[in-house]
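Asks: Starting off with a structure, shown below.
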Amino acid sequence: MKAKITINNLDIIGEIDQRIYGSFIEHLGRAIYGGIYDPLHESADDMGFRKDVLELVKSLNVPIVRYPGGNFVSNYKWEDGTGDRSKRPRKLELAWNSVETNEIGIDEFQEWAKRSDTEIMMTVNLGTRGAVEASNLVEYCNLNTGTYYAEMRRKNGFDKPFGIKLWCLGNEMDGDWQIGHKTAQEYARLACETAKLMKLTDPTIELVACGSSGPLMPTFGEWERTVLRECYDHVDYLSLHSYYGNPDNDTSDYLASSMDMEQFIIDTARICDEVKAEKKSDKDINLSFDEWNIWFHSNEQDKHIEHWQVAPPLLEDIYNVEDALVVGCLLITLLRHCDRVKIACLAQLVNVIAPIMTETGGRSWVQTIFYPFLHCSVNGRGKALRTVCECGTYNTKNHSNVPYIESITVQNGNDITLFAVNRSSDESCELELKGFEGYCPVSHTVLTNDDMKRCNSADEPDAISPVQQKIGEEVILAPRSWNMIKFTAK
Ligand code: AHR
């Protein structure tokens with residue numbers, strides 16, 4: 001098979017906001033306890049954070065990490081995770097039927113974020129709490145005003161404010177599974193008043209309003225319109241969440257999942273622009289795709305997890321090669337829409353639907369999906385170029401005209417990097433490259449395997465890892481492969 005990829009380095013989609021490579025840590029399962037925090041582990045640092053995990057997180061170059069939820073946040077009292085640790089309450093965690101010890105809270109997590117070279121994207125509870133508690137948290141984190149919550153932080157040992165710039169107004173408030181679930185109108189009013197109070201407290205922060213927790217939500221569209229009509233002037237971004245999966249074991253269809261993500265982005269951006277026009281505003285609302293990933297492998301086993309445990313092994317999806325290709329296609333899609341998607345969070349980071357896995361007290365390793373994320377996060381910075389790919393297409397049960405090749409090009413100074421997935425099960429693809437004449441290829445990194453279901457594990461941590469392909473006259477994409485091809489100016 002052949003495909004022609006054409007670029008023009010004057011035809012720029014947009015500057016890539018580095019926050020598109022964000023991730024997410026929730027108080028859920030073993031993400032925190034046994035994941036990032038394991039005080040008895042041989043690699044634990046002075047605060048009990050696992051240094052092996054810190055190193056893996058740092059290698060991913062994640063600029064923001066959303067915290068503390070997720071569904072968890074909608075019944076969370078942030079004060080429980082501050083101050084004297086011996087006095088912190090042990091509580092029922094009703095979103096995930098677990099027990100929360102509150103050993104880790106914002107006091108500790110902000111230190112973990114520093115040690116991971118990342119920043120926090122903070123979510124506030126708009127399920128069972130409201131505007132006052134949210135603005136108190138902004139004061140606790142960001143101010144030095146000598147007032148109650150700023151002083152509370154200082155008394156807890158933190159003289160310097162944490163300086164958290166990005167805040168989410170609740171989590172998935174459209175979902176009936178959410179504690180404190182709201183109608184669009186109820187949420188819109190609450191989000192608007194909370195936004196005003198939070199920005200009065202710290203006018204430098206940026207706010208994300210909840211959009212739909214998936215494109216298949218019956219309220220999708222109307223929810224966005226209602227929320228934006230109410231909050232437009234007070235918020236900066238609208239959130240999108242979506243998870244993908246292959247429950248029917250139809251790989252060709254599964255590999256087309258990114259087309260659903262693309263349509264979701266297009267539809268949501270259109271609604272933002274319609275409300276902008278209605279309001280005759282000159283401000284754009286950009287998109288925060290702050291939960292995206294593959295989530296289905298662990299669904300069955302999670303039904304059998306006993307309730308009311310501390311850090312039960314929930315949502316521990318084990319990812320294979322085809323999952324890595326889907327993640328690659330999803331990353332390409334986010335990059336293709338970097339003019340509107342300014343923030344995106346791979347949900348999540350450690351143990352819970354995650355690229356990084358640990359044994360509590362034991363080994364750590366990386367999953368297949370770690371690699372496309374690593375390649376894009378490290379090399380996909382700069383400007384995304386409009387990348388026209390002429391190639392064949394195929395049809396599946398749920399998707400028509402699926403291009404065999406998914407691709408995007410990123411320019412950074414003298415370098416151009418092409419990310420591409422070949423979706424074909426049996427044909428390799430020879431690329432004809434137009435617009436690359438002033439550049440020569442310097443490396444071609446490939447992730448593939450004959451067995452699409454192969455995974456990494458603690459015993460076989462390198463069963464799947466990328467390899468370097470020889471650079472020749474021709475650029476060939478192997479069947480069902482993820483590719484990163486780097487070029488530099490001649
Ligand atoms: O990431 C796992 C869960 O997925 C989050 O808690 C929730 O926001 C979403 O439904």
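Asks: Where does the chain land at 222 nm, in deg cm²/dmol rounded to the nearest 500, when only DSSP H runs of n ≥ 4 count, each adding -39500 (n - 2.57), divided by all residues?
Replies: -7500 deg cm²/dmol, from helical runs alone.
Asks: Further question: At 1.4 Å probe radius, can you tell me the per residue accessible area of the stretch 17-381 in Å²? Before the final figure, lay out the partial values.
Replies: Values: 12700 Å² over 365 residues.
On a per-residue basis, 35 Å².
Asks: Determine ³J(HN,Hα), in whole Hz, for all residues of the stretch 407-423 in sequence, where each value follows from phi through the Karplus function 6.51 cos²θ - 1.76 cosθ + 1.60 and θ = phi - 60°; x replaces Gly and Pro.
Replies: Using θ = phi - 60°, the values come out as 8, 8, 10, 10, 10, 9, x, 7, 10, 10, 10, 9, 9, 8, 10, 9, 8 Hz.
Asks: In Å, what is the Rg of the alpha-carbon atoms in the chain, and how long is Dmax?
Replies: When restricted to Cα atoms, the chain yields Rg and Dmax of 22.3, 67 Å.
Asks: Here's another thing I want to ask about it. If I model the stretch 1-139 as equal point scatterers sitting on the Cα atoms and use the Debye formula, what is log10 I(q)/I(0) at q = 0.11, 0.20 Å⁻¹?
Replies: So the normalised log intensities work out to -0.49, -1.28.
Asks: Can you check what the Kirkwood hydrodynamic radius comes to for the stretch 131-236, Cα pairs only, in Å to one decimal?
Replies: Mean inverse Cα-Cα distance, inverted, gives 14.6 Å.
Asks: Can you work out the FRET efficiency for the pair Leu94 and Cys440, with r the C-beta to C-beta distance and R0 = 56 Å, to the nearest 0.05?
Replies: FRET efficiency, Leu94 to Cys440: 0.45.
Asks: What's the FRET efficiency of Leu200 with Lys77 using the Cβ-Cβ distance as r and R₀ = 25 Å, to the nearest 0.05?
Replies: 0.65
Asks: Whole angstrom only: what separates the Cα centroid of the stretch 360-386 from the Cα centroid of the stretch 49-111?
Replies: 23
Asks: I need the phi-derived Karplus couplings for the stretch 62-72: 6.51 cos²θ - 1.76 cosθ + 1.60, θ = phi - 60°, integer Hz, Gly and Pro marked x.
Replies: With coefficients 6.51, -1.76 and 1.60, one gets 7, x, 9, 10, 6, 7, x, x, x, 3, 4 Hz.
Asks: Filter the GluC sites (Glu not before Pro) in the stretch 75-157 down to the DSSP loop ones having no more than 16 other Cβ atoms within 10 Å, then list what survives.
Replies: Glu103
Asks: Once label points are set 7 Å from the Cα along Cα→Cβ at both Asp176 and Asp415, what is their separation, rounded to one decimal in nm?
Replies: Spacing of the two 7 Å Cα→Cβ label points: 5.0 nm.
Asks: DSSP loop (so not H, G, I, E, B), at most 12 other Cβ within 10 Å: list which trypsin sites (Lys or Arg not before Pro) in the stretch 53-129 pass both filters.
Replies: Here the sparse-neighbourhood loop sites are Arg90.
Asks: Here's a follow-up. Net charge near Lys279: determine it from the other residues with C-beta under 12 Å of the C-beta of Lys279, scoring Lys and Arg +1 and Asp and Glu -1.
Replies: -2
Asks: Right, here's the next one. Quick one: what does P(r) look like for the stretch 236-346 with 10 Å bins over all Cα pairs, in whole %?
Replies: Each 10 Å bin holds this share of Cα pairs: 13, 36, 27, 17, 6, 0.
Asks: Over 18 Å, how big is the tail of the calculated P(r) for the stretch 342-490, in percent of all Cα pairs? Please report the intermediate quantities before stating the final value.
Replies: On the way: 6990 of 11026 pairs.
Cα-Cα pairs in the stretch 342-490 separated by more than 18 Å: 63 percent.
Asks: How many percent of DSSP beta bridges within the chain run antiparallel, rounded to 5?
Replies: 55
Asks: Quick one: 3J(HN,Hα) in Hz for the stretch 233-246, Karplus 6.51/-1.76/1.60 with θ = phi - 60°, rounded, Gly and Pro as x.
Replies: The phi angles translate into 6, 10, 10, 10, 9, 10, 8, 10, 10, 6, 10, 10, x, 10 Hz.
Asks: For the stretch 2-64, run through the GluC sites (Glu not before Pro) and keep only the ones in DSSP coil with at most 10 other Cβ atoms within 10 Å of their Cβ.
Replies: For GluC sites (Glu not before Pro) across the stretch 2-64 that sit outside H, G, I, E and B with at most 10 neighbouring Cβ atoms in 10 Å, the list reads Glu42.
Asks: Report the FRET efficiency, 1/(1 + (r/R0)^6), for Arg85 and Thr393, where r is their Cβ-Cβ distance and R0 is 60 Å, rounded to 0.05. Please report the intermediate quantities before stating the final value.
Replies: Numbers: r = 57 Å, r/R0 = 0.95.
Efficiency, from the Cβ-Cβ distance: 0.60.
Asks: Also: So, by mean Cβ neighbours within 10 angstrom, what's the order for 43-52, 283-292 with the highest one leading?
Replies: 283-292, 43-52
The values are calculated or read from the model by the stated rules, or taken from the named source; none is laboratory data. Everything numeric in this text was worked out from a predicted model, so none of it was measured. Don't worry about glycine lacking a Cβ; one is built from the backbone with ideal geometry, like all the others, and counts go over all protein chains shown. Just the protein is used for accessible areas: all its heavy atoms, side chains included, with ligands, DNA and RNA removed. Shrake-Rupley method; radii C 1.70, N 1.55, O 1.52, S 1.80 Å.
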